[in-house]
DNA sequence: CGCGACGTTGATTTGCCTCAACGATTGTGG
DNA sequence: CCACAATCGTTGAGGCAAATCAACGTCGCG
């Protein structure tokens, strides 16, 4: 069933009855996205919240010089939302692009508001989910301040091994805030030293 | 009235009737904290959520070598909570210390759960507040990846001028993830060049 | 008044970037 | 299915931003 992964995700945060779970999932619709396609471009208003069933996305900014910075990746069981743009229905700062053939479950802004109204527990669920996300962002910031590029590289590989193997070094470098060349040098170090 | 600032803060996120506002505020109790005192130490379980009425706090980590890293400051109209520790009632990763004589309004974990139950709108309010916070953390991370130390220094001064003047350069350096010596050199540059 | 934290300055070092060249992979149109 | 282009990954030389270390003046505070 398409919605099993979503149900499991919801159940991680709050108790919902099987009935509630089914009602909630009915709000989310399936969509296929081919590799390379954009779910959202900078400046557009984000009209959906998405949950990744299959594939992988990159969420990134483009600065005035055209440099891309990957903010995060979203693979199976992750949420993709440009929170600011979705919450306030304003122009997005971020781009969201599929880096594999992917499928998501998504909900529109109006339906999300209806969902909150009809199933008030969802407010609690997303409150807890959001607070958990804040903790993750705080920890990432601290890692950026305390760990070297090399440490952050291996920390990422060990924290998300199954995602990391699906990414290019250039993408990982962009996520970590370092250059692809330097990632290459980090990897060389281990290859010659050990093994 | 002690709770006016808190009421204004709540009203920024959702509509609450005067009656609701008063009921909600009744959950929050006043506490004075002298400069230098700790509200929370690493390893303790965070038993409160606090809202700063007066003064200023630093929220920081200590790594194994004893280095302190300031994650954020909380002055008037800001919330201080070790979300992870409060949410899951587990040992805190962070320390919270008053850097001025301060006063806060605080709520215990049990009362917060009661508040959510008695005033369901609070779930929504804290959901929106949390999502807004995520956006802020994301933007800060991008700034760290795209801006130089000097740019981040002046960005902080212009974004929070009234807080910045109350901090030592050492504290600002720690927040920005740079050394106090380098902050000193940044400031020298502007003093000699301009003015 | 004296001590300890803070701020400043300079000399030196270093982690990572920039630029450039080249091999390896991947994708694509004929 | 091959040929060629485009992108990616690797390597090296050189450069720069920021860290480190050390010395010294200053200020707040007990």
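Key figures for this structure:
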| quantity | calculated |
| --- | --- |
| Yes/no for residue B:87 being within 17 Å of the chain's Cα centre (by Cα), modelled with pLDDT of 95 or more, closer than 21 Å to residue B:132 by Cα and not in a loop (DSSP other than H, G, I, E, B) | no |
| Residue in segment B:167-182 that is surrounded by the most Cβ atoms within 10 Å (Cβ to Cβ), counting only those that are assigned to a loop (DSSP other than H, G, I, E, B) and either modelled with pLDDT under 95 or within 12 Å of DNA strand D (Cβ to nearest atom) (or both) | B:178 |
| Residue match in segment B:108-124 (condition: more than 9 Å from chain A (Cβ to nearest Cβ) and closer than 29 Å to residue B:155 by Cβ) | no |
| Test: residue A:156 is more than 11 Å from DNA strand C (Cβ to nearest atom) and touching a residue at least 12 places away in the same chain (Cβ under 8 Å) | yes |
| Residue A:127 being surrounded by 19 or more Cβ atoms within 10 Å (Cβ to Cβ) and either touching a helix residue (DSSP H, G or I) at 6+ places or on another chain (Cβ under 7 Å) or within 30 Å of residue B:67 (Cβ to Cβ) (or both) | yes |
| Checking residue B:134 against (1) without any contact (Cβ under 8 Å) to a residue 24 or more places away in the chain; (2) buried (at least 19 other Cβ atoms within 10 Å of the Cβ); (3) within 16 Å of DNA strand C (Cβ to nearest atom), the condition it does not meet | (3) |
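Residues checked against (1) within 29 Å of residue B:60 (Cβ to Cβ); (2) at pLDDT below 95:
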residue	(1), (2)
A:65	no, yes
A:72	yes, no
A:105	no, no
A:111	no, no
A:145	yes, no
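The values are calculated or read from the model by the stated rules, or taken from the named source; none is laboratory data. Predicted model only: the values in this text are computed from it and were never measured. For neighbour counting, all protein chains shown are included, and Cβ atoms are generated from backbone atoms with ideal geometry for every residue, glycine included.
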